[in-house]
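Read-outs throughout are calculated quantities, based only on the coordinates presented, and are distinct from any laboratory measurement. Everything quoted here is computed from the prediction, not taken from an experiment. Cβ placement follows ideal geometry from the backbone for every residue including glycine, while neighbour counts extend to all protein chains displayed.
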Amino acid sequence: MQIHILKSKIHRATVTGANVDYEGSLTIDTEFMQRAGLYPYEKILCGNLANGNRFETYVIPGERGSRAIVLNGATAHLGGQGDRLTIMSYTWVEESVAKSWRPRVIVLDEQNRIVDERGI
């Protein structure tokens, strides 16, 4: 049997911008993507801590070191600059693997600096 389980999480990311005219997605600093184990165009689930909105979209890489977290397209209507997001991706693993599974997690502060990392 396989279990659908948390693979990656960026916790408390601060939204740095919103672009309603873009086709869609969430732009994430490439460094954050790599540290959390996210891939370009990977499906993600986001929770907005400011307003409770939850939405699915996909990741596009942002400039390394920019600390960018940008809501694009329709997602720009679900939050705004300064909102805090939890960004998650999931994977399927065998039940035997799930028993000792540890997701890759990075935690950011208000300026999108990494303050904690787990499972890396």
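Annotation for Val115 and Ile5: the two label points, set 7 Å from Cα along the Cα-Cβ direction, are 2.8 nm apart. Estimated from helical segments only, the mean residue ellipticity of the chain at 222 nm is -2000 deg cm²/dmol, where each DSSP H run of four or more residues counts as -39500 (n - 2.57).
Working note: Karplus 6.51/-1.76/1.60 with θ = phi - 60° gives region 26-34 the couplings 10, 7, 10, 3, 4, 4, 4, 4, 5 Hz, where Gly and Pro are set to x.
Give the longest segment of the chain that steers clear of trypsin sites (Lys or Arg not before Pro) in DSSP loops with at most 15 neighbouring Cβ atoms within 10 Å, not counting the sites themselves. Within the chain, the longest run free of exposed trypsin sites (Lys or Arg not before Pro) spans 1-63.
With the simple model of a label 7 Å out from the Cα in the direction of the Cβ, Ala50 to His77 spans 1.7 nm. The orientation-averaged shadow of the Cα convex hull for the chain, equal to a quarter of the hull surface, comes to 7.1 nm².
Farthest towards the positive end of the charge dipole of the chain, among the residues Val115, Val20, Gly82, is the Cα of Val115, using unit charges on the Cβ of Lys, Arg, Asp and Glu.
Here the dipole of the chain is about 380 debye; that uses its Cα centre as origin and unit charges on the Cβ of Lys and Arg (positive) and Asp and Glu (negative).
Since only Pro61, Ile5, Ser100 are under comparison, the one whose Cα sits farthest along the positive direction of the charge dipole of the chain, derived from C-beta charges on Lys, Arg, Asp and Glu, is Ser100.
Post the alpha-carbon centroid distance, region 85-120 to region 1-40, in whole angstrom. Answer, in whole Å: 11. Net charge in the neighbourhood of Trp92 (other residues with Cβ under 15 Å of its Cβ; Lys, Arg +1, Asp, Glu -1) is 0. Remark: Phe55, Phe32 ranked as Phe55, Phe32, counting other beta-carbon atoms within 10 Å and listing the fewest first. Other residues within the sphere of radius under 13 Å centred on the Cβ of Leu38, judged by their own Cβ, net out at +2 (K and R +1, D and E -1).
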